[in-house]
């Protein structure tokens, strides 16, 4: 029996943990609702990330916590900068205001006359202050009075809460366990494989996908059917080179996996 280590949760019926669906929290008009986190699972071990040792799996779990901790620290830096800047925005230079917007990911509102859509001004630290147009300057200055700073502050604080709750969820729910590996075969995903001889008048669709050659009368391995990207053609010459490389790569596969693979394939072919 060949086993590996996987990341899961207390309830084994959930399957295998594969990460989080996204890094955004759920909001309503009042702000953060607390609907976090949104973990992702798979019931198939063949689709889950496996680890050779328990230590490797635990390191992967710690990585989630480390990255979320970094995100919290980043949000706290932004919160402090926003709170310090809000009260003194009008006395700050345009260059300082631009830097605050860049560092806190604020995009100043930019209303263009005659345009029915709301536009946003993208700021770049490398851009000279003197290169900003008058309407762009006014949109940057207006950040201090149009509510964009409080809105960004709210988002940052929500994210701190969200990441904090997600870290706690990982600590409370995540479990590392050893399980037998699963080899997955799906008949529906098989593609037809056959050899054919390239004719003298075959079209550009019959060029070898490896070397790009169009050599008449050469055997070609035809994988799939149809035209274009729906199939793959490899000439016998390229196939010979790939076979040599495949032997090298095959030598890297453990004997346990090869034994399991051979046994599973034999049983499926018998069926």
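The values are calculated or read from the model by the stated rules, or taken from the named source; none is laboratory data. Keep in mind the model is a prediction, meaning the values are calculated, not measured. Glycine gets a Cβ as well: all are built from the backbone with ideal geometry, and neighbour counts include every protein chain shown.
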Next on the checklist: Residues that are under 30 Å from residue 165 (Cβ atoms), touching a residue at least 40 places away in the same chain (Cβ under 8 Å) and in the same structural domain as residue 167 (by TED's automatic domain parsing): does segment 113-125 have at least one?
Outcome noted: no
Item to check | Which listed residue is under 29 Å from residue 260 (Cβ atoms), in contact with a strand residue (DSSP E or B) (Cβ under 8 Å, 6 or more places away or on another chain) and at pLDDT 90 or above, from 223, 181, 174, 193 | outcome: 174
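Of all residues in segment 78-95, which are in a helix (DSSP H, G or I) and out of contact with any helix residue (DSSP H, G or I) (no Cβ under 8 Å at 6 or more places or on another chain)? Steps first, please.
Looking only at segment 78-95, we keep the residues that are in a helix (DSSP H, G or I), and these are 78-86, 89-91, 94-95.
Answer for segment 78-95, where residues must be in a helix (DSSP H, G or I) and out of contact with any helix residue (DSSP H, G or I) (no Cβ under 8 Å at 6 or more places or on another chain): 80, 84, 91.
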Checklist entry - Does residue 25 qualify as being within 24 Å of residue 153 (Cα to Cα), modelled with pLDDT under 90 and surrounded by 11 or more Cβ atoms within 10 Å (Cβ to Cβ)? => result yes
Next on the checklist: Scan segment 44-64 and tell me whether some residue there is outside the structural domain of residue 261 (by TED's automatic domain parsing), outside any loop (DSSP other than H, G, I, E, B) and at pLDDT below 65.
Outcome noted: no
Checklist entry - If you go through segment 158-174 one residue at a time, do you hit one that is touching a residue at least 24 places away in the same chain (Cβ under 8 Å) and more than 30 Å from residue 18 (Cβ to Cβ)? => result no
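Do we have any residue at all in segment 90-105 that's in contact (Cβ under 8 Å) with a residue 60 or more places away in the chain and either farther than 20 Å from residue 152 by Cβ or surrounded by 15 or more Cβ atoms within 10 Å (Cβ to Cβ) (or both)?
Within segment 90-105, none of the residues are in contact (Cβ under 8 Å) with a residue 60 or more places away in the chain and either farther than 20 Å from residue 152 by Cβ or surrounded by 15 or more Cβ atoms within 10 Å (Cβ to Cβ) (or both).
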Checklist entry - Of everything in segment 129-164 that's closer than 21 Å to residue 86 by Cβ and part of a loop (DSSP other than H, G, I, E, B), which residue is nearest to the chain's Cα centre (by Cα)? => result 147
